[in-house]
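One structure below.
Please treat every number below as a calculation from the coordinates, not as lab data. All of these numbers come straight from a predicted model, not from anything done at the bench. Here the Cβ is made from the backbone with ideal geometry for all residues, glycine too, and neighbour counts use every protein chain on show.
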Amino acid sequence: MKVIKILFFILFSCNISIAQQKIPSVNIKTLEGKTINTASFDNNGDPIIISFWALWCKNCIKELEAISEVYEDWQDETNVKLIAISIDDSRNTSKLKPFINSKGWEYEIYHDPNSDFKRALGINSIPHTFLLNGKMEIVSEHVGYTDGQEEELYKKVEKLKK
């Protein structure tokens, strides 16, 4: 037990650099049906939030709605960009655009109808939200949503900007 404590102390007291995972290069769709590759995601060196969601996922919509209320401020203060990725199957493609328009979301929104991007990131449940640094490396992720969780996410975005 003493050895384990010592190892934890060494691990957490040293500045050990662990290579961050980059997002995989996968083809997904725009809401207009055009193909885009995830490797083209960019925010000029500023943080990006990628949120996986679906029309049937109430917590996904709650999270995106909560962020929508403060998103303009977040952008003004940190220049963060949110990219929402719908994992709805192709049968629901026609429902996406009207739903998004009714919400007034100002995010970049794409569709992963075959769940290729979802699988490439090893996502098992949604909402699943990733935070990327300016080098497009995943620095944080969380699964699920509870009220107020967007505030924790924003604190992480602010830390990246410092």
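Expressed as a rounded percentage, what relative contact order does segment 81-162 have, with Cα pairs under 8 Å and six or more residues apart?
24 percent
Could you order peptides 32-38, 147-153 by the average number of other Cβ atoms within 10 Å of their residues, highest first? Intermediate results must be reported in sequence, preceding the final value.
On the way: 32-38: 11.3, 147-153: 14.3.
Highest to lowest by the protection proxy: 147-153, 32-38.
Round to the nearest 10 and give me the degree value, 0 to 90, for the angle of helix 58-78's Cα axis relative to the longest principal axis of the chain.
The helix 58-78 is inclined about 70 degrees to the chain.
If each DSSP helix of 4+ residues adds -39,500 (n - 2.57) and the sum is divided by the residues in the chain, what number results at 222 nm, nearest 500 deg cm²/dmol? Before the final figure, lay out each step's value.
On the way: 5 runs with 62 residues, N = 162.
After summing the helix terms and dividing by the residues of the chain, the value is -12000 deg cm²/dmol.
5 Å is the cut-off here: which amide hydrogens, built 1.01 Å from N in the peptide plane, fall below it relative to Glu108, excluding neighbours closer than 5 in sequence?
Excluding prolines and chain starts, which carry no amide H, the hits are Leu82, Ala84.
Ser90 label point, 7 Å along Cα→Cβ, cut-off 12 Å on backbone N: hits in segment 96-122?
113-115
Could you pull out every residue, at least 5 positions away or on a different chain, whose amide H is within less than 5 Å of the one on Ser140? Hs are placed 1.01 Å off N in the peptide plane, and Pro or chain starts have none.
Residues meeting the criterion, in which the H sits 1.01 Å from N, are Leu131.
Please work out the Cα convex hull volume for segment 20-161 and give it in Å³ per residue. Working shown, then result.
Working: hull volume 14.3 nm³, N = 142.
About 101 Å³ per residue, rounded to a whole number.
Please list 45-57, 82-94 highest first by mean number of surrounding beta-carbon atoms within 10 Å per residue. Walk me through the intermediate numbers first.
Working: 45-57: 19.5, 82-94: 17.8.
Answer by packing, highest mean first, reads 45-57, 82-94.
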